[in-house]
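> Structure provided below as structure tokens; questions to follow.
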Amino acid sequence: MAEAAARRERRALLGESGRLMIVAADHPARGALGVGPHRLAMANRADLLERLCLALSRPGVDGVLGTADVLDDLLLLGALEGKVVVGSMNRGGLQGAAFELDDRFTGHRPDDIERLRFDAGKLLLRIDYDDPGSLTTLESTARAVDAMAARRLPVFVEPFISRRTPQGLLVNDLSAEAVTRSIAIASGLGGTSAYTWL
């Protein structure tokens with residue numbers, strides 16, 4: 001694995017277009033396997049890897065975001081050559097769990113992203129004003145931002161204001177006000193915002 005990571009052809013984070021299209025493949029590690037009505041669409045690893053290789057071969061697809069298991073397989077398959085590779089950092093908030101918003105950093109660490117010569121890290125920041133787990137996630141997110149900045153590695157932060165429905169389902173508030181608030185909160189995390197992408 002280390003040899004494949006060391007010889008991987010890298011590219012600039014942004015190309016000439018100034019845009020970045022990244023295929024997200026970190027959902028299975030959170031137990032989120034469904035796509036539309038297909039509850040186990042991402043459960044078949046061989047099928048998932050085949051689809052990812054196909055997507056990465058398409059013009060305009062710059063790279064992939066994934067957990068260690070997925071990125072390791074893609075690395076060994078040679079599918080990450082000349083692509084942007086983003087390591088998924090916090091996957092502890094399992095879909096549907098009572099502790100979903102206490103979203104521990106159980107995926108890539110900043111050390112891993114640096115060691116493997118990946119291009120960035122990504123974390124999910126869901127904030128529910130009624131769930132104390134959000135505070136734990138806020139604090140650990142700030143430390144992750146600091147650790148990535150110390151290595152001069154970009155960290156993509158995906159913030160949401162979230163709430164639970166009466167049935168207990170966690171939903172993200174996509175209203176303009178909530179998105180603006182989540183961005184303001186995420187922007188101030190850590191000792192520097194120099195490497196934070198929202």
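The values are calculated or read from the model by the stated rules, or taken from the named source; none is laboratory data. Please read all numbers here as calculations on a predicted model, not as lab measurements. Quick reminder, even Gly has a Cβ in these numbers, built from the backbone with ideal geometry, and neighbours come from all protein chains shown. Remember, those area values only see protein heavy atoms, side chains included, never the ligands or the DNA or RNA. Shrake-Rupley method; radii C 1.70, N 1.55, O 1.52, S 1.80 Å.
> Could you look through segment 125-162, keep only residues that are touching a helix residue (DSSP H, G or I) at 6+ places or on another chain (Cβ under 7 Å), more than 18 Å from GLY87 (Cα to Cα) and among the aliphatic types (A, V, I, L, M), and pick out the one that is surrounded by the fewest Cβ atoms within 10 Å (Cβ to Cβ)?
Only one residue tops the list, namely ILE161.
> Another one. When residues of segment 25-53 are filtered for being at negative phi and surrounded by 12 or more Cβ atoms within 10 Å (Cβ to Cβ), how many remain?
Going through segment 25-53 one residue at a time, the tally reaches 20.
> Report the residue count in segment 3-24 for those that are within 23 Å of MET89 (Cβ to Cβ), assigned to a helix (DSSP H, G or I) and either free of Cβ contacts under 8 Å to residues at least 60 places away in the same chain or open to solvent by less than 50 Å² (accessible area, probe 1.4 Å) (or both).
2
> Still on this structure, I have one more. Which condition breaks for LEU174 when tested against (1) of a type outside the set (D, E, K, R); (2) touching a helix residue (DSSP H, G or I) at 6+ places or on another chain (Cβ under 8 Å); (3) free of Cβ contacts under 8 Å to residues at least 40 places away in the same chain; (4) more than 19 Å from ALA120 (Cβ to Cβ)?
Of everything listed in (1) of a type outside the set (D, E, K, R); (2) touching a helix residue (DSSP H, G or I) at 6+ places or on another chain (Cβ under 8 Å); (3) free of Cβ contacts under 8 Å to residues at least 40 places away in the same chain; (4) more than 19 Å from ALA120 (Cβ to Cβ), LEU174 misses just condition (2).
> I've got another one for you. From the list PHE99, PHE105, exactly one residue is out of contact with any strand residue (DSSP E or B) (no Cβ under 7 Å at 6 or more places or on another chain) and surrounded by fewer than 16 Cβ atoms within 10 Å (Cβ to Cβ). Which is it?
Details: PHE105 fails: surrounded by fewer than 16 Cβ atoms within 10 Å (Cβ to Cβ).
None of the others qualify; the one that does is PHE99.
> Would segment 64-74 turn up any residue that is assigned to a loop (DSSP other than H, G, I, E, B) and in contact (Cβ under 8 Å) with a residue 24 or more places away in the chain?
There is at least one residue in segment 64-74 that is assigned to a loop (DSSP other than H, G, I, E, B) and in contact (Cβ under 8 Å) with a residue 24 or more places away in the chain.
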